[in-house]
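Working notes for the structure below.
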Amino acid sequence: GNSVTQMEGPVTLSEEAFLTINCTYTATGYPSLFWYVQYPGEGLQLLLKATKADDKGSNKGFEATYRKETTSFHLEKGSVQVSDSAVYFCALSNTGYSTLTFGKGTMLLVSP
Amino acid sequence: EPEVTQTPSHQVTQMGQEVILRCVPISNHLYFYWYRQILGQKVEFLVSFYNNEISEKSEIFDDQFSVERPDGSNFTLKIRSTKLEDSAMYFCASRRREDTEAFFGQGTRLTVV
């Protein structure tokens, strides 16, 4: 079956540091891959997505590249801000945007 | 901006009691979902709902669970007789079409004591 594994948190960084949150997956076929973010007190929001191998999703300075050979979709940002503090979820779907399989989530804490 | 709204934000209930979690999806959305996250574990799919019926459910979604869209705006998850292991954050989601993004609510934290 499908599964998603994310690095354990919390990840604690200073403002302007480089961020990487690792995500690997197991799936049949060619899934779509997603990163969702949950800011304190809010719902899960789609941050970025990639639907086929070598696609790069990007939004708000965050990027992730769909690597089929390593079954990975690592999230990166070159310079984090305090406002990026949130929980980040990696997810996949075999059917477009339908039923999602999530990882555990990784909390990011950015200090000034 | 339209959003999915869940109430209450936190509910505490005694083991064996029935609980209803409420969600108001975005008004023109047609597909509805419940997910849950037990503390420290993965977000897990429970059930999807379309055209007034369940379209898919996970093995977690047993006879103790039910969903309903009673009035065309609310989408509810009922747990008939809660167990301690039902304690989790429950997320509702909705989307407009099959090829569009799902929007999630902020979650209801259910604590069974």
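Can you name the strands (runs of 3 or more DSSP E) wholly within the range A:1-74 that have at least 2 residues being within 11 Å of chain B (Cβ to nearest Cβ) and at pLDDT 90 or above?
A:3-6, A:32-38, A:44-50
Results for (1) closer than 20 Å to A:ASN2 by Cβ; (2) open to solvent by 10 Å² or more (accessible area, probe 1.4 Å); (3) in contact with a Leu (Cβ under 6 Å, 6 or more places away or on another chain); (4) not polar (S, T, N, Q), shown as yes or no for each residue.
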| residue | (1), (2), (3), (4) |
| --- | --- |
| B:ASN52 | no, yes, no, no |
| B:GLU59 | yes, yes, no, yes |
| B:GLU68 | no, yes, no, yes |
| B:LEU77 | no, no, yes, yes |
| B:THR108 | no, no, yes, no |
| B:THR111 | no, yes, no, no |
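Within the range A:41-99, can you find the residues that are touching a helix residue (DSSP H, G or I) at 6+ places or on another chain (Cβ under 9 Å) and under 29 Å from B:LEU30 (Cα atoms)?
A:LYS60
Which of the residues that make up the range A:64-81 are surrounded by fewer than 18 Cβ atoms within 10 Å (Cβ to Cβ), within 25 Å of B:PHE45 (Cβ to Cβ) and not polar (S, T, N, Q)?
The answer is A:ARG67, A:LYS68.
Restricting to the range A:49-63, name every residue that is surrounded by 19 or more Cβ atoms within 10 Å (Cβ to Cβ) and more than 30 Å from B:GLU59 (Cβ to Cβ).
A:GLY57, A:PHE62
Restricting to the range B:79-106, count the residues that are more than 20 Å from B:ASN28 (Cβ to Cβ), part of a strand (DSSP E or B) and open to solvent by 40 Å² or more (accessible area, probe 1.4 Å).
Residues meeting the conditions: 0.
Does any residue in the range B:24-35 that is assigned to a strand (DSSP E or B) come within less than 9 Å, Cβ to Cβ, of a residue that is among the acidic types (Asp, Glu) and open to solvent by less than 60 Å² (accessible area, probe 1.4 Å) six or more places away or on a different chain, and which pairs are these?
Listed pairs, sorted by first residue: B:TYR35/B:GLU44.
Quickly run through the range B:6-16 and pick out the residues that are over 11 Å from the mean Cα position of the chain (by Cα) and in a strand (DSSP E or B).
If the condition is that a residue be over 11 Å from the mean Cα position of the chain (by Cα) and in a strand (DSSP E or B), then B:HIS10, B:GLN11, B:VAL12, B:THR13 are the ones that fit.
Among the listed residues B:TYR31, B:TYR35, B:TYR90, identify the single one that is closer than 18 Å to B:THR5 by Cβ, touching a Ser or Thr at 6+ places or on another chain (Cβ under 8 Å) and at the interface with chain A (Cβ under 10 Å from one of its Cβ atoms).
Checking each option against the conditions leaves just B:TYR31.
I need a count of the residues in the range B:71-88 that are more than 13 Å from B:LEU46 (Cα to Cα) and among the charged types (D, E, K, R).
4
In the range A:82-112, which residues are of a type in the set (A, V, I, L, M, F, W, C), over 16 Å from B:LEU46 (Cα atoms) and either within 13 Å of another protein chain (Cβ to nearest Cβ) or without any contact (Cβ under 8 Å) to a residue 40 or more places away in the chain (or both)?
Once the filter is applied, which keeps residues that are of a type in the set (A, V, I, L, M, F, W, C), over 16 Å from B:LEU46 (Cα atoms) and either within 13 Å of another protein chain (Cβ to nearest Cβ) or without any contact (Cβ under 8 Å) to a residue 40 or more places away in the chain (or both), the range A:82-112 yields A:ALA86, A:VAL87, A:PHE89, A:CYS90, A:MET107.
Here's the yes/no breakdown for (1) at pLDDT below 95; (2) open to solvent by 20 Å² or more (accessible area, probe 1.4 Å); (3) aromatic (Phe, Trp, Tyr); (4) under 13 Å from the mean Cα position of the chain (by Cα):
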site: B:GLU18; (1), (2), (3), (4): no, yes, no, no
site: B:LEU21; (1), (2), (3), (4): no, no, no, yes
site: B:HIS29; (1), (2), (3), (4): yes, no, no, no
site: B:PHE65; (1), (2), (3), (4): no, no, yes, yes
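For the range B:2-16, which positions are open to solvent by 90 Å² or more (accessible area, probe 1.4 Å) and closer than 7 Å to B:THR82 by Cβ?
B:MET15
In this structure, does B:SER94 turn out to be within 23 Å of B:GLY40 (Cα to Cα) and polar (S, T, N, Q)?
no
The values are calculated or read from the model by the stated rules, or taken from the named source; none is laboratory data. Computed from a predicted structure; not experimentally measured. Every residue, glycine among them, receives a Cβ derived from its backbone with ideal geometry; neighbour counts consider all protein chains shown. Note: areas computed on protein heavy atoms with side chains; ligands, DNA, RNA excluded. Shrake-Rupley method; radii C 1.70, N 1.55, O 1.52, S 1.80 Å.
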